[in-house]
Amino acid sequence: MEVTPPMRAALTGLTVLERGWLSSNNVLIHAAPGEPGAVLVDTGHVNHAEQTVALVRHALAGQPLHRIVNTHLHSDHCGGNAALQRAFGAPITVPPGNADAVAAWDTLRLTHASTGQASERFTYAATLAPGEHFSAGGRRWDALAAPGHDPHSLMLFDAREGVLLSADALWEQGFGVVFPEIDGEPGFADVAATLDAIERLPVQVVVPGHGAPFADVAAALARARARLAGFVQDPRRHVRHAAKVMIKYHLMERRRVARDALLQWAATTPFLQAAWRRFDATGGEPPARWGERLVDELIAQGALGRDGADLVDR
Ligand SMILES: [Zn+2]
């Protein structure tokens, strides 16, 4: 990642473990003198859990891990929770809107089952609500509501240094799929409100849930708003995008899947069924044909490869 000197100063005392798309980034806030240990924000996907434990252990360099904080509980943000809990014994803090679903391990409500994504059960010790804050790394981290991508998602903001941990509410190029919209709930207005809220903050550096930290917040907001405007104007565009993201994600998770099995998976996964119902609302094609067409488009775009009867991640 390209880190300019002002960005480096703002990120002093933080280790940003930039991952990829299957695993979210992990941000380790190192303990300042007098603090009981480091705080880790988000833990990646379960497939990478042992790698996450190793990366965090290395970055800790002997310091204790005091606490794990999740911005939200999509499978790419909390998949390492259980392994980190085993490795370090650190308690886990979740957004209050997700607490019941975690306690009951309701993977439909947590979206892991509805998207056909893998995860591992963990327990939480505390909640962090919008408006609350915690101290770590000698900084005060305010929890801010970031509905849109996920109704319960938090962002964490250090106002003094202007560091925003934006999760999937704002990336350098866009933002995460607007999950509520796929279920027929309004979400685009929440995305817009969250982008407006970010604009009002004195942000110097954004550490997104995916991708490198960036400083040009205005440009990222402009790109996000343009993308959102396209979705608002044509919601089916968002549905198609969301369905393709989920198919690509499934391939990232499995690496290789028989094409027939992938199409079967797509036809029986609740998120994609809901997406098809939304997409088909104005008259379209049968779900199996739609799934085939999305897969073909992903292949044409180079996002998936073909190997005999199998599809492979690229
Ligand atoms: Zn997410």
Query raised in the report: Taking the chain as a Gaussian network, where each spring joins two C-alpha atoms under 10 Å apart, which residue of 178, 203, 232 fluctuates the most?
Result: 232
Report task. Pull out a ≥ b ≥ c, the square roots of the eigenvalues of the alpha-carbon gyration tensor of the stretch 236-313, then state rounded if a/c is under 1.5, prolate if not and a/b is larger than b/c, and oblate in the remaining case. Result -> prolate
Requested in this report: State in Å² the accessible area per residue of the chain; use a 1.4 Å probe, count heavy atoms of protein chains only, and round to the nearest integer.
Outcome: 41 Å²
Requested in this report: Enumerate the amide H contacts of residue 136 below 5 Å, restricted to partners 5 or more residues apart or on another chain; note that Pro and chain-start residues carry no placed amide H.
Outcome: 141
Requested in this report: Can you run the Rg to Rh ratio on the stretch 5-232? Use alpha carbon positions and the Kirkwood inverse-distance Rh.
Outcome: 0.94
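Helix-derived [θ] at 222 nm for the chain: sum -39500 (n - 2.57) over DSSP H runs of at least 4, divide by residue count, nearest 500? Mind showing how you got there, number by number?
Details: 12 runs with 126 residues, N = 314.
Here the helix-only value at 222 nm equals -12000 deg cm²/dmol.
Would the stretch 1-94 count as rounded, prolate or oblate if I go by the C-alpha gyration tensor, calling it rounded below 1.5 in a/c and otherwise prolate when a/b exceeds b/c, oblate otherwise?
On the way: a/c = 1.78, a/b = 1.17, b/c = 1.52.
Oblate, since a/c reaches 1.5 and b/c is not below a/b.
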Query raised in the report: Roughly speaking, what is the stretch gain from residue 32 to residue 289, that is 0.36 nm per residue apart minus the C-alpha to C-alpha distance, in nm to one decimal?
Result: 86.9 nm
Query raised in the report: When the accessible area of the stretch 119-194 is computed with all protein chains present and a 1.4 Å probe, what percentage of it is carbon and sulfur?
Result: 49 percent
Requested in this report: Could you state the angle between the C-alpha long axis of helix 49-60 and the longest principal axis of the C-alpha atoms of the chain, as a value from 0 to 90 degrees rounded to the nearest 10?
Outcome: 20 degrees
Query - the stretch 203-288, relative contact order [Cα under 8 Å, separation at least 6], % - result: 22 percent
Report summary line: Restricting to Cα pairs under 8 Å and 6 or more apart, the percent relative contact order of the stretch 80-162 works out to 25 percent
**Report entry** Sequence-separation-based contact order of the stretch 53-108, relative, with Cα cut under 8 Å and 6+ spacing, percent
**Finding:** 37 percent
Report summary line: Rounded to the nearest 10, the angle in degrees between the Cα long axis of helix 235-254 and the longest principal axis of the Cα atoms of the chain comes to 70 degrees
Query raised in the report: Separation of the stretch 1-59 and the stretch 120-144 by C-alpha centroid, Å?
Result: 15 Å
Report summary line: For the chain, the longest principal axis of the Cα atoms and the Cα long axis of helix 188-200 enclose an angle in degrees, to the nearest 10, of 30 degrees
Requested in this report: Tell me which residues come under 5 Å, amide H to amide H, from residue 310 once H is placed; ignore anything under 5 positions away on its chain.
Outcome: 259
Query raised in the report: Cα gyration tensor of the stretch 98-254, axes a ≥ b ≥ c as square roots of the eigenvalues: rounded (a/c below 1.5), prolate (a/b > b/c) or oblate?
Result: oblate
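The values are calculated or read from the model by the stated rules, or taken from the named source; none is laboratory data. Worth saying up front: this structure is predicted, and the values here are computed from it rather than measured. Just the protein is used for accessible areas: all its heavy atoms, side chains included, with ligands, DNA and RNA removed. Shrake-Rupley method; radii C 1.70, N 1.55, O 1.52, S 1.80 Å.
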